[in-house]
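Notes follow once the structure below has been shown.
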Amino acid sequence: MLESKIPSGPIEQKWEKSRFEMKLVNPANRRKHSVIIVGSGLAGAAAAASLGQQGYPVDCFCFQDSPRRAHSIAAQGGINAAKNYRNDGDSIFRLFYDTVKGGDFRAREANVYRLAQISVNIIDQCVAQGVPFAREYGGLLDTRSFGGVQVSRTFYARGQTGQQLLLGAYQALEEQVAAGTVKMHTRSEMLDLVLVNGKARGIITRNLVTGAIESHAADVVVLATGGYGNVFYLSTNAKGSNTTAIWRAHRRVALFGNPCFTQIHPTCIPVSSEHQSKLTLMSESLRNDGRVWVPRKNGDDRAPGAIPEDERDYYLERRYPSFGNLVPRDVASRAAKEVCDEGRGVGPGGQGVYLDFADAIRRLGESQVREKYGNLFDMYEEITGENAYKVPMRIFPAVHYTMGGLWVDYHLMSTIPGLFVAGEANFSDHGANRLGASALMQGLADGYFILPYTLPNYIASSALEKVDTSHPAFAAAKEEVMKRVTTMVSIRGKRTVDSIHKELGRIMWENCGMTRSEAGLKSNLARIPQLQEEFWKNVNVIGTGEELNQSLEKAGRVADFLELGELMCIDALQRAESCGGHFRVESQTPEGEALRDDEHFSYASAWEWKGGGGHWGFHKEPLAFEHVHLAQRSYK
């Protein structure tokens with residue numbers, strides 16, 4: 001079932017060879033083949049703009065009121081590229097090596113190498129669009145370091161890199177909207193995928209303003225809908241971020257890859273209230289100049305300025321002298337949890353560590369620190385009321401990104417022919433842990449440089465009969481969606497959607513978050529089916545389906561999170577090893593680091609929907625490492 005379609009030949013030539021072998025569509029014929037793209041963040045907007053420019057009629061859908069609202073806008077620190085402008089030893093191979101190692105050897109080598117190759121083109125593309133990357137005094141593009149690497153390859157626009165890149169993609173998208181090749185469907189949420197003769201041929205959507213259930217047909221469907229971190233309720237994701245599009249596709253038997261691979265970001269503003277609905281990211285770039293520490297003594301509640309230098313523990317610098325504060329995210333997050341569990345955490349409840357800029361301000365001056373990180377410091381002060389130029393930031397790990405997603409082959413096509421998946425919605429490039437500044441790189445690589453080759457190849461290679469929304473498959477899918485909506489609004493139980501989501505998030509964080517254990521995962525697998533039953537018997541969705549109804553929107557998304565949460569725990573239970581962000585307490589080194597079991601778990605897991613109720617089919621894609629040899633990760 002799993003055909004990865006990795007081309008033969010030397011890894012340096014695989015992508016070039018693959019592009020040459022792909023079939024093309026004559027420019028005059030492109031207008032005859034329609035494309036649906038769900039999602040208009042970096043991956044979706046880039047793909048829509050590129051395919052529209054090629055001449056394909058594109059329908060692009062987003063549930064926001066504008067593509068500019070996509071969660072890509074929240075990415076702060078930067079985008080990686082192997083340009084080696086600093087002449088500090090970087091190269092395409094080193095970016096490839098760092099990414100495979102950072103992902104703890106659980107990603108395909110061929111995909112990662114292609115990503116590293118394309119990275120150099122992305123920067124040129126974005127500069128041409130006018131993205132205002134930071135520049136050095138002489139006018140050259142500036143770079144900085146991120147976790148898990150020892151070179152400066154991260155291009156940035158202060159702490160607003162995602163926003164500026166999205167504006168560049170948005171401009172390209174709107175050019176095609178004006179040209180008539182792309183039609184935007186805002187405030188529309190995909191609720192099902194339509195298959196005709198086993199191929200993806202359209203989607204069913206709900207108009208979030210009117211409640212109308214609508215059908216849309218095309219020759220190809222692309223999902224670029226982001227990650228599923230909100231399964232934990234509290235995350236750095238926008239509140240609207242959800243799993244529904246890819247989960248609907250999974251229920252149509254698109255395999256789901258590595259669902260338990262979730263990333264915890266080490267630098268987020270700690271939880272301040274049980275009424276809180278989301279968490280706020282503080283960019284990893286801050287660890288370039290900020291030093292992470294906690295008091296050496298348990299329970300030391302003195303103000304940070306009152307704690308002498310010799311009574312501070314700069315624990316990342318102590319434990320990982322080669323990488324210091326710039327270890328990968330999974331390593332930094334677990335280290336923060338450990339010191340807090342020891343009773344040395346700071347702030348309310350002891351759930352925080354300090355990120356201190358005093359040394360950087362003394363070395364560089366406050367004005368230079370303000371120039372590099374000013375908007376991040378301003379955001380921190382707005383939320384906490386504390387001036388990070390005067391006192392250290394307080395940070396703690398939080399759910400940030402999901403490496404898992406729909407399984408795709410080298411062409412980014414799922415196990416459903418005609419269904420392509422891009423960006424964070426797929427599982428393809430990051431293994432068990434994503435390095436910082438690589439999400440923007442992958443989204444733009446998929447949208448600008450990969451799908452414009454692989455999607456036409458599918459069209460040219462497939463027999464695509466004419467299909468429109470009058471086909472019976474659309475009526476059947478639409479009826480299923482309407483029945484689901486009607487069921488939800490008619491339950492009229494006593495529990496709010498948020499109360500069920502919060503309970504799911506709490507047990508997912510406790511037992512399938514930074515650390516996982518057999519006992520904890522089995523506990524979740526006993527409780528989650530009960531929560532599912534509680535939802536369908538006792539949830540209270542106010543209003544109707546024929547109107548703007550955010551309660552209904554949330555209910556549909558939480559219903560999918562409940563099923564996904566169960567699969568995540570099943571996946572985490574079967575993977576009885578530690579790797580990257582998946583840390584099983586039963587599998588660790590004497591120093592407390594993740595201990596892989598390459599003999600039994602050197603594969604990507606891929607799960608097949610079998611009707612729910614705890615039943616999934618299990619498939620494996622073996623992973624081979626010919627260029628980056630398997631080794632225990634060390635950042636010491």
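State which residue is surrounded by the most Cβ atoms within 10 Å (Cβ to Cβ) when the search covers only the stretch 99-144 and only residues that are among the hydroxyl-bearing types (Ser, Thr, Tyr) and at pLDDT 95 or above.
At the first step, the residues of the stretch 99-144 found to be among the hydroxyl-bearing types (Ser, Thr, Tyr) are 99, 113, 119, 137, 143.
Filter again for at pLDDT 95 or above, leaving 99, 113, 119, 143.
Values: 99: 30, 113: 23, 119: 26, 143: 26.
Among those that are among the hydroxyl-bearing types (Ser, Thr, Tyr) and at pLDDT 95 or above, it is 99.
Anything in the stretch 367-412 that is among the acidic types (Asp, Glu), open to solvent by 10 Å² or more (accessible area, probe 1.4 Å) and under 25 Å from residue 423 (Cα atoms)? List them, or say none.
Taking the stretch 367-412 and keeping what is among the acidic types (Asp, Glu), we get 371, 378, 381-382, 386, 409.
The next check asks that each one be open to solvent by 10 Å² or more (accessible area, probe 1.4 Å); those that pass are 371, 378, 381-382, 386.
None; the set is empty.
Given 59, 65, which one is touching a Ser or Thr at 6+ places or on another chain (Cβ under 8 Å) and assigned to a strand (DSSP E or B)? So that I can check it myself, show each step before the final result.
Details: 65 fails: assigned to a strand (DSSP E or B).
None of the others qualify; the one that does is 59.
Of the conditions (1) under 27 Å from the mean Cα position of the chain (by Cα); (2) of a type outside the set (Val, Ile, Thr); (3) open to solvent by 10 Å² or more (accessible area, probe 1.4 Å), residue 22 satisfies every one except a single condition; which number is it?
(1) is the only condition that residue 22 fails.
Can you list residue pairs whose Cβ atoms sit under 7 Å apart, with the first residue in the stretch 616-631 being on the phi < 0 side of the Ramachandran plot and of a type in the set (Ser, Thr, Tyr) and the second being part of a strand (DSSP E or B) and surrounded by 11 or more Cβ atoms within 10 Å (Cβ to Cβ)? Count only pairs 6 or more apart in sequence or on different chains.
Cβ pairs passing all conditions: none.
Out of curiosity, is residue 78 out of contact with any Lys or Arg (no Cβ under 7 Å at 6 or more places or on another chain) and either touching a residue at least 12 places away in the same chain (Cβ under 8 Å) or surrounded by fewer than 24 Cβ atoms within 10 Å (Cβ to Cβ) (or both)? Break it down stepwise before answering.
Details: out of contact with any Lys or Arg (no Cβ under 7 Å at 6 or more places or on another chain): no; either touching a residue at least 12 places away in the same chain (Cβ under 8 Å) or surrounded by fewer than 24 Cβ atoms within 10 Å (Cβ to Cβ) (or both): yes.
Spelling it out, it is not the case that residue 78 is out of contact with any Lys or Arg (no Cβ under 7 Å at 6 or more places or on another chain) and either touching a residue at least 12 places away in the same chain (Cβ under 8 Å) or surrounded by fewer than 24 Cβ atoms within 10 Å (Cβ to Cβ) (or both).
Does the stretch 550-576 hold any residues that are part of a loop (DSSP other than H, G, I, E, B) and surrounded by fewer than 22 Cβ atoms within 10 Å (Cβ to Cβ), and which are they? Show your work before the answer.
Step one: list which residues in the stretch 550-576 are part of a loop (DSSP other than H, G, I, E, B), which gives 575-576.
Correct list: 576 only.
So, residue 459, is that one open to solvent by less than 40 Å² (accessible area, probe 1.4 Å) and either at pLDDT below 95 or more than 30 Å from residue 603 (Cβ to Cβ) (or both) or not? Before you say what the answer is, go through the steps one by one.
Numbers: open to solvent by less than 40 Å² (accessible area, probe 1.4 Å): yes; either at pLDDT below 95 or more than 30 Å from residue 603 (Cβ to Cβ) (or both): yes.
When the stated conditions are applied, residue 459 passes them.
Quick check: anything in the stretch 376-398 assigned to a loop (DSSP other than H, G, I, E, B) and within 16 Å of the chain's Cα centre (by Cα)? Break it down stepwise before answering.
Our first condition is that a residue be assigned to a loop (DSSP other than H, G, I, E, B); within the stretch 376-398, this holds for 385-392.
Next, only the ones that are within 16 Å of the chain's Cα centre (by Cα) stay: none.
No, the conditions are met nowhere in the stretch 376-398.
Every residue in the stretch 78-114 that is closer than 23 Å to residue 332 by Cβ and among the hydroxyl-bearing types (Ser, Thr, Tyr), please.
Matches in the stretch 78-114: 97, 99.
Inspect the stretch 202-222 for any residue being within 19 Å of the chain's Cα centre (by Cα), in the same structural domain as residue 38 (by TED's automatic domain parsing) and not aromatic (Phe, Trp, Tyr) and give the result as yes or no.
Applying the first criterion (within 19 Å of the chain's Cα centre (by Cα)) to the stretch 202-222 yields 222.
Retained after the next criterion (residues that are in the same structural domain as residue 38 (by TED's automatic domain parsing)): 222.
Next, only the ones that are not aromatic (Phe, Trp, Tyr) stay: 222.
Within the stretch 202-222 (the criterion being within 19 Å of the chain's Cα centre (by Cα), in the same structural domain as residue 38 (by TED's automatic domain parsing) and not aromatic (Phe, Trp, Tyr)), the answer is yes, since at least one residue qualifies.
Output the number of residues of the stretch 466-494 satisfying the condition of being of a type in the set (D, E, K, R) and free of Cβ contacts under 8 Å to residues at least 24 places away in the same chain. Write out each step before concluding.
Residues of the stretch 466-494 of a type in the set (D, E, K, R): 466, 468, 478-480, 483-484, 492, 494.
Filter once more, keeping what is free of Cβ contacts under 8 Å to residues at least 24 places away in the same chain: 466, 479, 483.
Here the count works out to 3.
Among the residues of the stretch 593-611, is any assigned by TED's automatic domain parsing to the domain that holds residue 503 and open to solvent by less than 10 Å² (accessible area, probe 1.4 Å)?
Yes; the residues of the stretch 593-611 include at least one that is assigned by TED's automatic domain parsing to the domain that holds residue 503 and open to solvent by less than 10 Å² (accessible area, probe 1.4 Å).
When the stretch 516-530 is examined, which residues are found to be touching a residue at least 60 places away in the same chain (Cβ under 8 Å) and surrounded by fewer than 19 Cβ atoms within 10 Å (Cβ to Cβ)?
Start the filter on the stretch 516-530 by keeping residues that are touching a residue at least 60 places away in the same chain (Cβ under 8 Å), which leaves 516-518, 525, 529.
Selection gives 517, 518, 525, 529.
Of the residues in the stretch 245-265, how many are touching a Ser or Thr at 6+ places or on another chain (Cβ under 6 Å) and not in a helix (DSSP H, G or I)?
The total comes to 5.
Out of 483, 466, I need the residue that is of a type outside the set (A, V, I, L, M, F, W, C) and assigned to a helix (DSSP H, G or I). Which one?
Numbers: 466 fails: assigned to a helix (DSSP H, G or I).
Just one listed residue meets the conditions, 483.
Just give me the residues in the stretch 153-194 being touching a strand residue (DSSP E or B) at 6+ places or on another chain (Cβ under 8 Å), within 30 Å of residue 368 (Cβ to Cβ) and open to solvent by less than 10 Å² (accessible area, probe 1.4 Å), in sequence order.
153, 154, 155, 161, 165 - these are the residues of the stretch 153-194 that are touching a strand residue (DSSP E or B) at 6+ places or on another chain (Cβ under 8 Å), within 30 Å of residue 368 (Cβ to Cβ) and open to solvent by less than 10 Å² (accessible area, probe 1.4 Å).
For residue 58, indicate whether it is in contact (Cβ under 8 Å) with a residue 40 or more places away in the chain and open to solvent by less than 10 Å² (accessible area, probe 1.4 Å). Reasoning before the result, please.
Details: in contact (Cβ under 8 Å) with a residue 40 or more places away in the chain: yes; open to solvent by less than 10 Å² (accessible area, probe 1.4 Å): yes.
Considered against the rule, which asks whether it is in contact (Cβ under 8 Å) with a residue 40 or more places away in the chain and open to solvent by less than 10 Å² (accessible area, probe 1.4 Å), residue 58 comes out as yes.
A quick yes/no check of all residues on (1) over 30 Å from residue 431 (Cα atoms); (2) surrounded by 24 or more Cβ atoms within 10 Å (Cβ to Cβ); (3) of a type in the set (D, E, K, R); (4) touching a residue at least 12 places away in the same chain (Cβ under 8 Å):
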{"residue": "198", "(1), (2), (3), (4)": "no, no, no, yes"}
{"residue": "228", "(1), (2), (3), (4)": "no, yes, no, yes"}
{"residue": "238", "(1), (2), (3), (4)": "no, no, no, yes"}
{"residue": "246", "(1), (2), (3), (4)": "no, yes, no, yes"}
{"residue": "277", "(1), (2), (3), (4)": "no, no, no, yes"}
{"residue": "289", "(1), (2), (3), (4)": "no, no, yes, yes"}
{"residue": "300", "(1), (2), (3), (4)": "yes, no, yes, yes"}
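Between 124, 142, 88, which is acidic (Asp, Glu) and in contact (Cβ under 8 Å) with a residue 40 or more places away in the chain? Reasoning before the result, please.
Working: 124 fails: in contact (Cβ under 8 Å) with a residue 40 or more places away in the chain; 142 fails: in contact (Cβ under 8 Å) with a residue 40 or more places away in the chain.
88 is the lone residue from the list that is acidic (Asp, Glu) and in contact (Cβ under 8 Å) with a residue 40 or more places away in the chain.
Which pairs turn up if I take residues in the stretch 344-361 that are part of a loop (DSSP other than H, G, I, E, B) and look for partners that are of a type in the set (Lys, Arg) and surrounded by 20 or more Cβ atoms within 10 Å (Cβ to Cβ) with beta carbon separation below 7 Å, at least 6 apart in sequence or on another chain?
346/394; 347/394; 352/394
State which residue pairs qualify: first residue assigned by TED's automatic domain parsing to the domain that holds residue 209 and inside the stretch 178-191, second residue among the hydroxyl-bearing types (Ser, Thr, Tyr) and surrounded by fewer than 18 Cβ atoms within 10 Å (Cβ to Cβ) in any location, beta carbons under 7 Å apart, and separation of 6 or more residues or different chains.
186/66
If you take just the strands (runs of 3 or more DSSP E) that sit entirely in the stretch 150-244, which of them hold at least 2 residues that are of a type in the set (Lys, Arg)?
Details: elements: 182-185, 188-196, 199-207, 213-217, 220-223.
Passing ranges, in order: 199-207.
The values are calculated or read from the model by the stated rules, or taken from the named source; none is laboratory data. Owing to the predicted nature of the structure, the values given are computational and were not obtained by experimental measurement. Every residue, glycine among them, receives a Cβ derived from its backbone with ideal geometry; neighbour counts consider all protein chains shown. Ligands, DNA and RNA are excluded from the accessible area calculation, which covers all protein heavy atoms including side chains. Shrake-Rupley method; radii C 1.70, N 1.55, O 1.52, S 1.80 Å.
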